[in-house]
Structures are given as C-alpha cells and as structure tokens.
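Please read the structure below before turning to the comments.
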Amino acid sequence: MNANSPETTPGPDQPAAGPGRIVLLTTSHRVAPGLLSWPAWQALHAADQVLCADGAHPQLPYLREAGIPVAEASPTAEELVGACAGGRTVVVVATGEGEPALTDGLARLAGTGRVAMPELELLPASYDLPGARLLDLVQVMDRIRAECPWSSRQTHRGLAKYGIEEAYELVEAIEEGDRDELREELGDVLLQVVFHARIAQDDPDTPFSIDDVAGGIVAKLIHRHPHVFGDATATTPEEVKAHWLRTKAVEKQRTSVTEGIPLGQPGLALAAKLASRARTAHLDIPLPPVEGIGYDLLALAVRAESEGVDPEAALRAAARAYRDAIREAES
C-alpha cells in the first residue's frame with residue numbers, strides 16, 4: 001500500500017488516525033468456555049485483529065465458531081503498538097497467567113515518553129461465581145491424590161485423627177477471635193472434607209465424589225428449611241428449630257432420641273447433648289443417684305445445658321484462665 005494513498009493519508013477534512021486501542025481480554029477457567037459477557041463479544045466482533053499466544057486456549061474453538069478469526073501470536077509490546085497504528089483495535093485473548101510480560105513491556109514503553117501509546121483497556125470477559133475457587137481445590141486435590149506418595153496412600157481411618165485435630169483448632173480460633181487464624185482453620189477443615197471425598201471416589205465397591213457429598217447436603221438443607229424453600233412459615237429461631245427437628249425425625253425414623261449422638265465426643269459435650277435431646281423431647285429424666293466425680297460432672301453439664309451454656313466452652317475458658325495464672329506464677 002502506498003504511503004500517500006487516501007487510505008493512509010487523511011484528507012483536509014479528515015482527522016488523523018489515533019494510536020489505536022489494545023483490549024486485553026481476560027477469562028476465568030472456572031467458567032465454561034464460550035460464556036462471555038456481551039461487551040466482550042462486542043469487542044471481539046469489532047476488533048481489527050484478535051491475537052492469542054496459546055493455540056490450545058479453551059476459548060478459541062468458540063470464538064472461531066462465532067466467526068471471529070484468531071491469530072496465534074505472542075507479540076512484543078513494540079509489535080503490538082505497531083499493530084494498532086492507524087487507529088486499529090487489537091484484542092489480546094489473555095492466557096491463564098494474564099500476559100504479565102506483555103503488560104510490563106507496554107508499561108516500560110509508555111514510560112519512555114517517546115511512543116504514542118494506544119488506549120489500553122482491561123476487559124473481563126467472564127467472572128467467577130461465588131464458590132468458584134472450590135473447583136480449584138477439587139482439581140488440586142485430584143492431582144495430589146494421584147501424584148503425592150503420602151496422600152495417595154491415605155485412608156478414611158488414617159485421616160480421622162486429623163479431622164478431630166482440625167475441628168479443635170477451628171474452635172480455638174473462634175474462641176480466640178483471631179480472624180486470620182479462623183480463615184486458615186476453616187480451610188484446613190474444608191481440606192478434610194475434600195480429601196475424604198477424593199478417597200471415597202477410589203472405593204471399588206461404593207464410590208462417591210465431592211459432588212455427591214455436596215448434592216446430599218444441598219438436598220438436606222432444602223428439605224429442612226421449608227420456611228425458606230417451601231410454603232411453611234417461621235418467624236423466630238424457635239420455630240426454625242421446630243421445623244428442623246420435625247423434618248429430621250421423618251428422615252431418620254429413629255426409635256430413641258439418643259440415636260445419632262456420637263459417644264466418642266468429649267464427656268462434657270456428650271452429657272450436654274444427651275440433656276438437650278431429652279429436654280427437646282420433653283422427657284423429664286432424673287439423673288442417676290450415684291455419687292462420684294463423673295456424676296458430679298454430669299450434673300454440671302446438664303445444668304449448663306439447661307441454662308444455655310456450652311459446658312465444653314465454659315471449661316475451656318476456665319482452663320485458659322488457669323493457664324494464664326500458672327504462667328504468671330512462673331514469671
């Protein structure tokens with residue numbers, strides 16, 4: 001093309017073309033390919049050129065199916081600025097890393113002050129939904145289970161103690177009021193759930209996956225909240241609890257209020273749970289008329305539960321105060 005042709009040289013009434021526009025299009029790998037925002041599709045269709053450094057990018061088949069030609073290219077910052085000359089728009093479909101080398105190069109080029117830089121726009125084409133990072137956790141756990149010599153050999157029974165430890169550490173973080181620690185411990189507890197679900201997936205007889213676990217708890221929550229997902233009404237926490245207990249009773253078909261109470265839990269918590277079940281069922285059960293420390297503790301746990309106090313939490317708070325007193329005496 002001749003440099004003096006009308007296509008490149010503006011006429012007397014035609015403004016000079018600007019330095020163009022670069023659109024960096026980012027997508028989330030947690031959203032199905034092709035599900036792009038309308039502004040993203042508009043930018044892609046209007047672009048003079050669409051580039052992508054990754055020929056295996058999951059979006060490319062969908063873009064080409066939509067009639068958008070995509071060139072597999074990894075231009076330098078200088079080359080990209082040159083491609084925008086004459087007011088052209090170039091869309092760069094970013095890879096998973098977000099093209100840091102390219103954006104750093106553009107920043108350095110702009111910093112020289114010697115180049116008329118194109119307009120640079122960062123356009124998110126798809127956004128993560130709430131909870132989308134859980135998909136990353138599932139993928140990471142899959143790989144660890146397959147490739148880690150320790151994780152690949154773990155069983156439900158072998159991991160059981162870690163579930164108990166992580167639960168206690170979570171309770172401690174809650175009681176200490178440490179927000180950073182709370183976030184970390186919630187992650188550790190979540191890991192136990194995902195890890196056990198991944199182990200269960202390998203079972204040769206009755207396998208299940210994290211999707212089965214999530215599907216089960218979703219169904220349970222919906223069924224036990226008819227005041228949210230159905231026609232029932234509940235305006236107080238007590239009414240909500242009544243709904244919960246009624247639906248749970250239908251689900252479990254238990255013959256005793258004590259069924260389902262894990263006997264392996266700490267003694268005070270066990271005693272309080274038994275007292276709670278008896279009180280909720282309106283059963284007036286006298287305590288065993290036996291003397292001894294165990295029965296004294298049982299009576300205290302029942303009393304605490306009736307007063308709305310968690311005896312385990314109360315004893316831990318008292319134990320921490322005792323620990324502080326010991327440390328003060330030692331110093």
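The values are calculated or read from the model by the stated rules, or taken from the named source; none is laboratory data. Just so we're clear, the structure is a prediction, and the values are computed from it rather than from any experiment. So basically every Cβ, Gly included, is an ideal-geometry build from the backbone, and we count neighbours across all protein chains shown. All accessible areas refer to the heavy atoms of the entire protein, side chains included, with ligands and DNA or RNA removed. Shrake-Rupley method; radii C 1.70, N 1.55, O 1.52, S 1.80 Å.
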**Complete:** One computes Rg over Rh for the stretch 140-193 from alpha-carbon atoms, with the Kirkwood Rh, and obtains 1.07
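Taking DSSP loops as anything outside H, G, I, E and B, show the longest stretch in the chain free of chymotrypsin sites (Phe, Trp or Tyr not before Pro) there with at most 13 other beta carbons within 10 Å. Can you show the working numbers first?
Numbers: sites that count: Y127, W150, F208.
Here the longest run is 1-126.
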**Request:** Any chance you could give the angle, 0 to 90 degrees and rounded to 10, that helix 100-112 forms with the longest Cα principal axis of the chain?
**Result:** 50 degrees
**Request:** Relative to the longest principal axis of the C-alpha atoms of the chain, give the angle of the C-alpha long axis of helix 156-176, reported between 0 and 90° and rounded to the nearest 10°.
**Result:** 90 degrees
**Message:** Give me a comma-separated list of calculated 3J(HN,Hα) values for the stretch 242-254, in order, Karplus coefficients 6.51, -1.76, 1.60 applied at θ = phi - 60°, integers in Hz, x for any Gly or Pro.
**Reply:** 5, 4, 4, 5, 5, 5, 5, 5, 5, 5, 7, 6, 8
**Prompt:** Could you give the angle, 0 to 90 degrees to the nearest 10, between helix 311-330's Cα long axis and the longest principal axis of the Cα atoms of the chain?
**Reply:** 90 degrees
**Message:** Report the Cα centroid-to-centroid distance between the stretch 97-122 and the stretch 154-177 in angstrom, as an integer.
**Reply:** 48 Å
**Request:** Mind listing the long-range amide H neighbours of L120? Cut-off is under 5 Å, sequence gap 5 or more, other chains count too, H placed in the peptide plane at 1.01 Å from N.
**Result:** I22
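Averaged per residue, what accessible surface does the chain expose to a 1.4 Å probe, in Å²? Kindly include the intermediate steps, with their values, before the conclusion.
Details: 21840 Å² over 331 residues.
With all protein chains present, the chain gives 66 Å² per residue.
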**Request:** For I217 paired with F229, estimate the spin-label separation in nm (one decimal), with each label point 7 Å from Cα along the Cα-to-Cβ line.
**Result:** 1.4 nm
**Request:** Could you let me know the centre-to-centre spacing of the stretch 16-65 and the stretch 242-319, using Cα atoms, in angstrom?
**Result:** 60 Å
**Complete:** For the chain, the Debye formula with one identical point scatterer on each Cα and no solvent gives log10 I(q)/I(0) at q = 0.09, 0.10, 0.14 Å⁻¹ as -0.79, -0.89, -1.25
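Out of the GluC sites (Glu not before Pro) in the stretch 27-118, which ones are loop residues according to DSSP with at most 13 other C-beta atoms within 10 Å? Each step should come with its number before you reach the end.
Working: sites: E65, E72, E78, E79, E97; in loops: E97.
Passing sites in the stretch 27-118 are E97.
What number results when the radius of gyration of the stretch 116-268, computed over Cα atoms, is divided by 2.2 N^0.38 Å?
Cα-based Rg divided by the globular estimate yields 1.40.
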**Request:** Would you mind estimating how fast the stretch 40-123 diffuses translationally, via Stokes-Einstein at 10 °C and 1.306 mPa s with the Kirkwood radius over Cα pairs, in µm²/s?
**Result:** 118 µm²/s
**Asked** Got a number for carbon plus sulfur as a percent of the chain's accessible area, 1.4 Å probe?
**Response** 58 percent
**Under-5 Å amide H pairs with T89, H placed in peptide plane, nonlocal only** = R21, D48, Q49
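If you put +1 on each Lys and Arg Cβ and -1 on each Asp and Glu Cβ, how big is the dipole of the stretch 213-254 around its Cα centre, in Debye rounded to 20?
Numbers: 7 positive and 4 negative charges, 54 e Å.
It comes to approximately 260 debye.
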**Prompt:** If you take the square roots of the eigenvalues of the alpha-carbon gyration tensor of the stretch 187-331 and sort them as a ≥ b ≥ c, do you get rounded (a/c under 1.5), prolate (a/b over b/c) or oblate?
**Reply:** oblate
**Asked** Under 16 Å from the Cα of K220, which lysines turn up, not counting those fewer than eight places away in the same chain?
**Response** K241, K248, K252
**Fill in**
Sorting L315, T280, A71 by the position of each Cα along the dipole of the chain (Lys, Arg +1; Asp, Glu -1; all at Cβ), the one nearest the positive end of that ordering is T280
